[in-house]
Amino acid sequence: MSTTTANELYPEVRSFLESGPLKGFVGGKELESTGGETFTTSDPGSGAQLAEVYSFQASDIDQAVDVADEAFKTAGWEQLPQNERSALLHRLADAVEKQKHIIAQLESLDAGKIEAQAQGDVQNFVDTIRYFADLAQNVQRRSILAVKNHEAWTMRQPWGACGFIFPWNFPFLLVGWGIAPALAAGNTVVIKPAEDTPLSTLYLARVAQEVGIPDGVINVVPGLGSVAGAALSANPKLQRMSFTGSPEVGRLIAESCGRNLVPVKLELGGKGAAVVFNDVDIPDTAEKLVNAITFHTGQVCCDATRWLIHKNIYDEFVGECIDRLKDVQVGYQLNDTSQMGPVVNAKQHQRVLSYLEKGQSEGAECLLEGGVAEVPGYEGYYVKPALMAGSLDNVAAREEIFGPVAYLAPFETEEQAIQMTNSTDYGLANSVWSSDLNRAARVAEVMCAGNSWINAHNVFAHGIPYAGIHKSGMGGGVLSIETLLDYWRSVSVVRPL
Ligand code: NAD
């Protein structure tokens, strides 16, 4: 366990937290909830309360959507020439980058994320804004159609007010992935952050105003999922909706949007596999998969949580992984020696522990026990990494645990490995590990998910589409030109000759 002292809080972080109850941000102004309702956000690493936050009610949400809708029509954002809109987005990226340490520390405190990892997330946000700001300048919005006897063209136009609901695992990074293409295309946005992790998004709204993003273009509505989230997804004035979170809530969002015929995009959970053939470098592959499952304490939707290992190397591979997992430093997230922080809250803590129990009661073997981790001086939600093994019908192999737990099973043939990989309702991301790159490519193409990675796991780059299928998502994806095109509607203009 990691025991050195935690990094000092930056003065800006202290004063932001002390300025609570923190208000939402609508139409360029800080806003309280109608009846003064609040919720608290806490530090999962210590259990301490961080801040009180105004909890938006249905009427507050409707007001925010009205403001975003009005801003779309009147704030001039849509009418700005693309290069000016992109220049403003670059200004936002620059300002966020300048305050990276502040935003990352807020994120680290709120989400329990190791501070250095939070800095990586903030940098990723910056890069995402820059990527879409540049991409939007290079997309031709008017395309001539060569059709006999007609003068015709299509024109891409922004939709209007777009809603976004985000989860707690990558609060700031995901806001970037979500809103950057929408804003670059000229839309306005209403963002509902998760109630566990609202701080970095509330801070962002203030930075956006300082750099001159017009009022009403970026609105942030903090609140509970069942109240604020439900009201946002049911608002008929929204032109598009994007949800990232669990499949259970995703279904509710899709139902609400369906009733209003609002196009919806869902980025949901996963139960990814890593298929490890017997020609890999065993220590290197073990190291990379251990890093994947412990990264952000396993609270990563696309993680490799089912490890399918060729039977000839199974025992050696397991041994290498156990040695490494035993050495992982579990500790407070603002402590430089910590490698794995807490899970996000008591519910998630209980969820991880309960899957260890349920899995064993259905016959899984515990190769590495896991369980509660004690971190001296901190009353947080810490768990140890765990490895389970057995039949893939086991509950711990079928359902998303969202913690540092991998489920292992041996395979003999390539066909068997593919069948095992695809024996899930989810379809987000899998990886294949082999020094035979032809075999790796062959397997990668038939693994049934939105993303297949070769000799790596959790691979993202701006320009490569990332999306889920089946229970892992629908309606698009993120990080590529397709995402940007989603945020323009197409109008055909025709004159018969
Ligand atoms: P969640 O579904 O519980 O909550 C996500 C968001 O939905 C939160 O903002 C919450 O307040 C809101 N919400 C809750 N109930 C609602 C309702 N009735 N109506 C409208 N909104 C509501 O998910 P979570 O626990 O915050 O996040 C973990 C899940 O997110 C995991 O399943 C994970 O795999 C998934 N996830 C997916 C991706 C991806 O890109 N595919 C990325 C990150 C997380």
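Between ASP134 and ARG206, full extension at 0.36 nm per residue minus the direct alpha carbon distance yields a gain of 23.6 nm.
Relative to its residue count, segment 413-492 spans a Cα convex hull of 112 Å³ per residue. Remark: segment 4-94 projects, on average over all directions, an area of 8.6 nm² (convex hull of Cα atoms).
Modelled label positions at ILE481 and ARG442, each set 7 Å beyond Cα in the direction of Cβ, lie 3.2 nm from each other. Looking at segment 277-419 alone, DSSP beta bridges between its own residues are antiparallel in about 40 percent of cases.
Using just its DSSP H runs of length 4 or more, each adding -39500 (n - 2.57), the chain gives a mean residue ellipticity at 222 nm of -12000 deg cm²/dmol after division by all residues.
Here's the list of lysines a cross-link from LYS29 could span, going by alpha-carbon distance under 30 Å and ignoring same-chain residues fewer than 8 apart: LYS73, LYS98, LYS100, LYS113, LYS192, LYS237, LYS265.
In whole percents, the pair-distance distribution calculated for segment 372-429 from its alpha-carbon pairs, binned every 10 Å from zero, is 19, 42, 23, 12, 4. Evaluated on segment 152-272, the Kirkwood hydrodynamic radius is 14.7 Å, with distances taken between all distinct Cα atoms. Averaging the Cα positions of each part gives two centres, and for segment 324-366 and segment 282-300 these lie 13 Å apart.
Segment 261-300: Rg/Rh from Cα coordinates, Kirkwood Rh? My calculation of the ratio gives 1.22.
Suppose R0 equals 35 Å. What FRET efficiency, 1/(1 + (r/R0)^6) with r the Cβ-Cβ distance, do ASN422 and ALA116 give to the nearest 0.05? For ASN422 and ALA116, the calculated efficiency is 0.50.
Here is the size of segment 247-363 from its Cα atoms: Rg then Dmax, 18.1, 55 Å. Distance between the C-alpha centres of segment 452-497 and segment 371-401: 33 Å, rounded to the whole angstrom. Volume of the convex hull of segment 319-444 (Cα atoms only), normalised per residue: 140 Å³.
Ratio of the chain's C-alpha Rg to 2.2 N^0.38 Å, to two decimals?
1.00
For segment 130-177 and segment 1-52, what is the separation of their C-alpha centers, rounded to whole Å? If we compute the Cα centre of each part, the gap is 33 Å. For the pair GLU365 and ASN83 in one chain, pulling the backbone fully straight at 0.36 nm per residue adds 95.7 nm over the alpha carbon distance. What you get for segment 293-440, charging only the Cβ of Lys and Arg (+1) and of Asp and Glu (-1), is a dipole of about 320 debye around the Cα centre. Where both bridge residues fall in segment 340-429, DSSP classifies roughly 60% of the beta bridges as antiparallel.
In percent, rounded to a whole number, the relative contact order of segment 80-162 is 28, using alpha-carbon pairs under 8 Å and six or more apart. Each of ASP43, ASP66, ASP303 was scored by other Cβ atoms within 10 Å of its Cβ. Arranged with the fewest first, they read ASP66, ASP43, ASP303. For a paramagnetic label modelled at 7 Å from the Cα of ASN149 toward its Cβ, which residues of segment 458-497 fall within the zone defined by backbone nitrogen distances under 11 Å? 496-497, by backbone N distance to the label point.
Of all DSSP beta bridges confined to the chain, the antiparallel ones make up roughly 45%.
Each value in this text was obtained by applying a stated rule to the coordinates, not by laboratory testing. Please read these numbers as outputs of a predicted model, since none were measured by experiment. Cβ coordinates were reconstructed from backbone atoms using ideal geometry, including for glycine residues, and neighbour counts include every protein chain displayed.
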